[in-house]
1. Confirm whether SER88 is part of a loop (DSSP other than H, G, I, E, B), touching a residue at least 40 places away in the same chain (Cβ under 8 Å) and away from the ligand (no atom under 14 Å from the Cβ).
2. Condition check: under 13 Å from ALA12 (Cα atoms) and either away from the ligand (no atom under 14 Å from the Cβ) or surrounded by 13 or more Cβ atoms within 10 Å (Cβ to Cβ) (or both). Does VAL130 satisfy that?
3. Starting from the range 152-163, take each residue that is surrounded by 13 or more Cβ atoms within 10 Å (Cβ to Cβ) and list its partners that are polar (S, T, N, Q), counting only C-beta distances under 8 angstrom and pairs at least six apart or across chains.
4. Scan the range 202-228 for residues that are within 16 Å of VAL111 (Cβ to Cβ) and either of a type outside the set (Gly, Ala, Ser) or away from the ligand (no atom under 16 Å from the Cβ) (or both) and jot them down.
5. What are the residues in the range 92-116 that are over 23 Å from LEU31 (Cα atoms) and modelled with pLDDT under 95, if any?
6. Within the range 19-54, work out how many residues are of a type outside the set (A, V, I, L, M), within 14 Å of the ligand (Cβ to nearest atom) and in contact (Cβ under 8 Å) with a residue 24 or more places away in the chain.
7. Could you grab me the full set of residues in the range 1-35 that are in a loop (DSSP other than H, G, I, E, B) and surrounded by fewer than 23 Cβ atoms within 10 Å (Cβ to Cβ)?
8. List pairs: first in the range 264-291 and charged (D, E, K, R), second surrounded by 11 or more Cβ atoms within 10 Å (Cβ to Cβ) and assigned to a helix (DSSP H, G or I), Cβ under 7 Å, 6+ apart or cross-chain?
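The values are calculated or read from the model by the stated rules, or taken from the named source; none is laboratory data. Because the structure is a prediction, the values reported are computed rather than measured. Cβ placement follows ideal geometry from the backbone for every residue including glycine, while neighbour counts extend to all protein chains displayed.
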Amino acid sequence: MKFSMPVKQVAAIHDLSGCGRTSLAVVIPILSTMGFKVCPLPTAVLSSHTRYQGYHFVDLTEHMVPIIKHWKELGLSFSAVYSGFLGSHKQIPIVEEFIESFRSDDLLVVVDPVLGDNGQRYGTITEKMVSEMKSLVRMADVITPNLTEASLLLDKPYPQSLENREIKEWLLNLAEMGPEIVVITSVPDSSQGKFSALAYNKNDSRFWKVPIDYIPADYPGTGDCFTSVLTGALLQGDSLPIALDRAVHFISYGVRATFGYSYDQNQGILLERVLERLNIPIPVSSYEILL
Ligand code: PXL
């Protein structure tokens, strides 16, 4: 007998960090709240994310293949594969093989090429990881680099600001690498004080932009929260601009809910305070089409 699957399943390929709200610690609650079952394939276990000093890091590369083998034996299938922080460049071919072996017509492949932020690579990210990540993004339907990661993938210097014309070129260049949908987050506007998330959809050749007011705080894990909401929204059937809108406004709300406290920013946004907002009808919509 073939079992029915009342809830869509997402394979989430990320690390598990015990302190700070990043990776699986935010991916699972967000996607669960949005109605999806998450099957975590952990890439590493860390005492905390890498922005804290002195973190303990356990690379799980050698455990991934046996885990995947067991999943195959169990007959698992997925509506989406969503990868993020990887523990070693040796995991890239494993993730590629995973995607190939779970491919189906309606599998959504989301790759967040987690490499760095604010113009810097994260502590464990090597040059080899950057070059291998260029190969993984080819297999994705959707990629969501921040501006630092986009510059690493395109071998361009990290820019202080970008004109719309330039950011469109970056989006097109990334789409040429393979993905149908490219989203770049944390893009400073040339007009001061604003940041935006921008997206390009190769299918209809349209560009989208959702601006956001700048708040002078830097919370780790917001990229993971962003891509989790975007993935959940796309799985729920939202259009790209609405999914982008929901992801940006969720982060913005989370940052505002957190910013008023005197608080260790490395703990990330107070996700527990804002999760339920994921289930209210779209409260704000501020997307623009870039012509
Ligand atoms: O949020 C991205 C991320 C994921 N995983 C680990 C990290 C970071 C960012 O700092 O250190 C371990």
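1. Details: part of a loop (DSSP other than H, G, I, E, B): yes; touching a residue at least 40 places away in the same chain (Cβ under 8 Å): yes; away from the ligand (no atom under 14 Å from the Cβ): no.
Spelling it out, it is not the case that SER88 is part of a loop (DSSP other than H, G, I, E, B), touching a residue at least 40 places away in the same chain (Cβ under 8 Å) and away from the ligand (no atom under 14 Å from the Cβ).
2. no
3. LEU154/ASN173; TYR158/THR148; TYR158/SER151; PRO159/SER151; SER161/SER190; LEU162/SER190
4. First pass over the range 202-228, keeping only residues within 16 Å of VAL111 (Cβ to Cβ): 202, 223-224, 226-228.
Hits for the range 202-228 are LYS202, ASP224, PHE226, THR227.
5. none
6. Within the range 19-54, residues that are of a type outside the set (A, V, I, L, M), within 14 Å of the ligand (Cβ to nearest atom) and in contact (Cβ under 8 Å) with a residue 24 or more places away in the chain number 14.
7. Hits for the range 1-35 are MET1, LYS2, PHE3, SER4, MET5, PRO6, VAL7, LYS8, GLY18, CYS19, MET34, GLY35.
8. So the pair list comes out as ARG273/ALA257; ARG277/PHE250; ARG277/TYR253.
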